[in-house]
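A quick write-up on the structure given underneath.
The values are calculated or read from the model by the stated rules, or taken from the named source; none is laboratory data. Predicted model, so just to flag it, every value in this text is computed and none were measured. For neighbour counting, all protein chains shown are included, and Cβ atoms are generated from backbone atoms with ideal geometry for every residue, glycine included.
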Amino acid sequence: MNHPELRQHPTSLAAQWSCRNATASPRQRQFWMRLALGMALALPMSAMAQTDGAAYPSKPVKLIVSYAAGNVTDSLARVVADKLAEKWGQGVLVENRPGQGGSLGAQLGAKSPADGYTLLFSAMAAMAINPHVYKNVGYDVQKDFIPIVNIAYPISVLVASPGLKINNLPDLIAYSKANPTALNYGTAGNGTVPHLNMESLKGRTGLVAQHVPYKAAGAVMTDVIGGRLQLQQEAISVVMPQIKAGNLTPIAAGNTKRIAQLPDLPTLSELVPGYVPVVPWLGIFAPAGTPKSIVNKVYQDVTSVVQMPEVQQRLQSIGLIMAGESTEEFAKLITFDYERLGKLVKELGLKVD
């Protein structure tokens with residue numbers, strides 16, 4: 001419609017035609033009032049389409065990362081954020097909110113507006129472990145989030161201090177049984193993935209080693225290199241440079257498949273029948289109530305980004321394996337891990353008030 005009066009705001013039209021009541025026929029007045037009402041009702045729907053449709057995003061998007069800068073989770077988040085910003089033509093702003101093993105950032109993500117402009121980049125611990133370990137994390141994993149996309153799995157390695165002069169799991173187990181107070185392993189805290197994995201390994205093999213919780217994985221590695229600790233399970237991106245330098249001795253790969261960087265190193269699953277490692281994942285979530293069209297768009301665009309050759313090279317360089325599940329598969333994985341790890345936490349008696 002090209003009539004100049006029809007391009008005006010509907011309330012202006014109503015006002016103008018109400019002033020013309022004296023000259024307009026009843027039929028004309030009825031027509032123009034219906035037109036103004038219809039245009040007024042269409043405005044909220046048009047605004048909703050801007051939020052819920054192809055126009056997303058029409059402004060910068062905030063990506064809450066629930067871990068500190070420099071962490072593997074943060075490194076991956078920044079790679080994805082940069083590529084999404086290029087694709088969307090809008091800034092994707094990474095905001096690091098570490099604390100309580102990732103739960104602080106998750107809590108903030110859960111309380112954010114469900115409009116797609118605040119997303120959460122989280123590791124598995126905040127969603128599947130912490131709710132069982134901490135008395136109150138401030139969110140309900142099943143009710144407060146929409147899982148969008150699982151991006152990658154970190155690759156981990158069990159390493160030992162070179163001073164032990166042990167380079168395989170059977171010898172390590174035998175040594176620990178002969179020297180039951182000799183081995184200590186460090187992690188970045190109670191209830192972390194390395195903690196759960198090491199305790200599961202002890203239960204399966206009879207390995208004797210005492211847990212020493214630290215505040216950061218970097219400090220653990222420093223003490224393993226220095227011989228103050230003997231063992232650590234950590235991401236390959238963190239320990240590989242020290243393995244190459246001869247400062248750490250690899251014992252076994254922590255994932256279910258062998259590692260490309262250390263192809264001759266057996267996995268713990270190969271060495272220990274029935275052992276199923278806790279393999280963390282790194283994914284993106286939206287607050288519950290976020291429109292389905294926005295969830296779909298984020299999923300499609302993130303999937304497209306992580307398939308770029310340069311992004312895949314970057315993932316490999318920081319020790320990550322691309323995941324590739326659908327949104328529905330990711331949701332099922334979260335439920336599986338939440339239930340499985342809840343049982344494991346209970347068996348181990350892990351609880352932080």
The stretch 239-260, subset farther than 15 Å from residue 154 by Cα and polar (S, T, N, Q), residue surrounded by the most Cβ atoms within 10 Å (Cβ to Cβ): 249
Residue count, the stretch 154-172 (criterion: surrounded by fewer than 21 Cβ atoms within 10 Å (Cβ to Cβ) and not small (Gly, Ala, Ser)): 8
Selection within the stretch 283-322 - touching a strand residue (DSSP E or B) at 6+ places or on another chain (Cβ under 8 Å) and of a type in the set (Lys, Arg): none
Total residues in the stretch 187-215, condition over 19 Å from residue 239 (Cα atoms), out of contact with any strand residue (DSSP E or B) (no Cβ under 6 Å at 6 or more places or on another chain) and at pLDDT below 90: 1
Listing of helices (runs of 4 or more DSSP H) fully contained in the stretch 126-227 that carry 1 or more residues being under 17 Å from residue 102 (Cβ atoms), of a type outside the set (Gly, Ala, Ser) and in the same structural domain as residue 339 (by TED's automatic domain parsing): 130-133, 141-144
Criterion: in a helix (DSSP H, G or I), within 16 Å of the chain's Cα centre (by Cα) and more than 21 Å from residue 103 (Cα to Cα) - qualifying residue of 335, 303: 303
Some residue of the stretch 313-332 being of a type outside the set (Phe, Trp, Tyr) and touching a Ser or Thr at 6+ places or on another chain (Cβ under 7 Å): yes
